[in-house]
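Heads up: the structure comes next, in structure tokens.
The values are calculated or read from the model by the stated rules, or taken from the named source; none is laboratory data. Just so you know, these numbers come straight off a predicted model, no measurement behind them. Cβ: placed from backbone, ideal geometry, glycine included. Neighbour counts: every protein chain shown.
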């Protein structure tokens, strides 16, 4: 039997430099649903897999990784027999059906050069990106899949033709996850990441250190070729900046939030890693970026943080979701000024059950709005009733 220990207590004051303490507020009108759960199986990492919506959010598709459940420190999944699956809802996130496409990440043929002629603006379009470190994937240059029928069938994997030959990416490996903004039938911005090969800075002298850094790539010819556009966070910073979550505002500007790590010192002067999320803005379609704010604290003392999720709301505000590994909670924050400042931390869920080793194997959210203008945040979780990691969603009617 797996013994779990309930999380208790109130969150401690936030200590990060430059991050104003935020008040925690319990969300009213939140409904939790199970997206996928299977006895003996681990299911996790929606942030690594992607999410898509159609019909104004009535139809939602989210990806996740499934594997044998093994309770160990960190991620409770065996290193082999993993699958990348999809879950679909056609009622705005209330009920879900699991799907396993035949040609998809993890069970597809080797990647080939992209043939182009991709219609990014097609009504049922979806794009899936995978690269090195993606749950057993060792593809150092990255690849992508496309679907024209809302993710039921996929074409690919295709190479990002020409991208890794750019001098800005010399000496790096691609570590991208799925994140993109369609800009036209033949054009798309893809938000990616890279790190020095073998984490040796000497192989990529443009990097300050060995952390992953996020950047923007672009195609303007239907995916026939891709080119480097810009780094999101400065390469001179010593912070990690990876797994960008992006949205476009009504004025055309773009906000990108990135998962960041930094070195902190305890009272004895010993270093440890702390995680947070930073927000950056671009007013020129991703050509240049400026720092906006530190949005949230996601974990310290080697908890490795948690990636962000972001969505633009119809009323012009931005909603941001993240897993706080310090307190094992799913939180939401809202910005009314394009990501410069953020409201209180809204606690969307707080019933996570830690394992015997005090692991905080949770979070990695994706965030969308549905046809009722509710927020739907999808993540992986464990409870007293379902102690093995599973995919859950919280639907928020008030935020």
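Checking 246, 258 one by one, the residue that is modelled with pLDDT of 95 or more and within 23 Å of residue 74 (Cα to Cα) is 258 and no other. So how many residues does the stretch 98-140 have that are part of a strand (DSSP E or B) and surrounded by 15 or more Cβ atoms within 10 Å (Cβ to Cβ)? Matching residues across the stretch 98-140 total 6. Taking the conditions exactly as written (closer than 20 Å to residue 230 by Cβ, touching a residue at least 40 places away in the same chain (Cβ under 8 Å) and not in a strand (DSSP E or B)), does residue 326 satisfy them or not? No, not satisfied.
Checking the stated criteria, residue 340 turns out not to satisfy the condition of being modelled with pLDDT under 95 and either in contact with a helix residue (DSSP H, G or I) (Cβ under 9 Å, 6 or more places away or on another chain) or not in a strand (DSSP E or B) (or both). Strands (runs of 3 or more DSSP E) fully within the stretch 210-321 that include at least 3 residues being closer than 24 Å to residue 127 by Cα: 213-219, 227-231, 242-248, 254-265, 271-282, 309-312. Across the stretch 59-84, what is the number of residues that are under 16 Å from residue 126 (Cα atoms) and either over 19 Å from the mean Cα position of the chain (by Cα) or surrounded by fewer than 21 Cβ atoms within 10 Å (Cβ to Cβ) (or both)? Of the residues in the stretch 59-84, 1 are under 16 Å from residue 126 (Cα atoms) and either over 19 Å from the mean Cα position of the chain (by Cα) or surrounded by fewer than 21 Cβ atoms within 10 Å (Cβ to Cβ) (or both). Restricting attention to the stretch 368-384, the residues being surrounded by 24 or more Cβ atoms within 10 Å (Cβ to Cβ) and out of contact with any helix residue (DSSP H, G or I) (no Cβ under 8 Å at 6 or more places or on another chain) number 4. Can you name the residue in the stretch 347-362 that is at pLDDT below 95 and not in a loop (DSSP other than H, G, I, E, B) and, of all such residues, is nearest to residue 56 (Cα to Cα)? Only one residue fits best here, namely 353. Of the numbered criteria (1) at pLDDT below 95; (2) under 16 Å from the mean Cα position of the chain (by Cα), the one residue 277 fails is (1). Right, residue 150: under 22 Å from the mean Cα position of the chain (by Cα), modelled with pLDDT of 95 or more, surrounded by 17 or more Cβ atoms within 10 Å (Cβ to Cβ) and in a loop (DSSP other than H, G, I, E, B) or not? It is true that residue 150 is under 22 Å from the mean Cα position of the chain (by Cα), modelled with pLDDT of 95 or more, surrounded by 17 or more Cβ atoms within 10 Å (Cβ to Cβ) and in a loop (DSSP other than H, G, I, E, B). The one condition from (1) in contact with a strand residue (DSSP E or B) (Cβ under 6 Å, 6 or more places away or on another chain); (2) surrounded by 22 or more Cβ atoms within 10 Å (Cβ to Cβ); (3) modelled with pLDDT of 95 or more that residue 223 does not meet is (1).
Determine, yes or no, whether residue 214 is touching a strand residue (DSSP E or B) at 6+ places or on another chain (Cβ under 9 Å), farther than 30 Å from residue 97 by Cα and modelled with pLDDT of 95 or more. So residue 214 passes the test. So which residues in the stretch 28-38 are modelled with pLDDT of 95 or more and in a loop (DSSP other than H, G, I, E, B), if there are any at all? 37, 38 - these are the residues of the stretch 28-38 that are modelled with pLDDT of 95 or more and in a loop (DSSP other than H, G, I, E, B). Reported count of residues in the stretch 287-320, each being crowded, with 24+ Cβ neighbours inside 10 Å and either at pLDDT below 90 or out of contact with any helix residue (DSSP H, G or I) (no Cβ under 9 Å at 6 or more places or on another chain) (or both), is 7. Residues in the stretch 363-399 that are outside any loop (DSSP other than H, G, I, E, B) and under 17 Å from residue 70 (Cα atoms): 380, 381, 390, 391.
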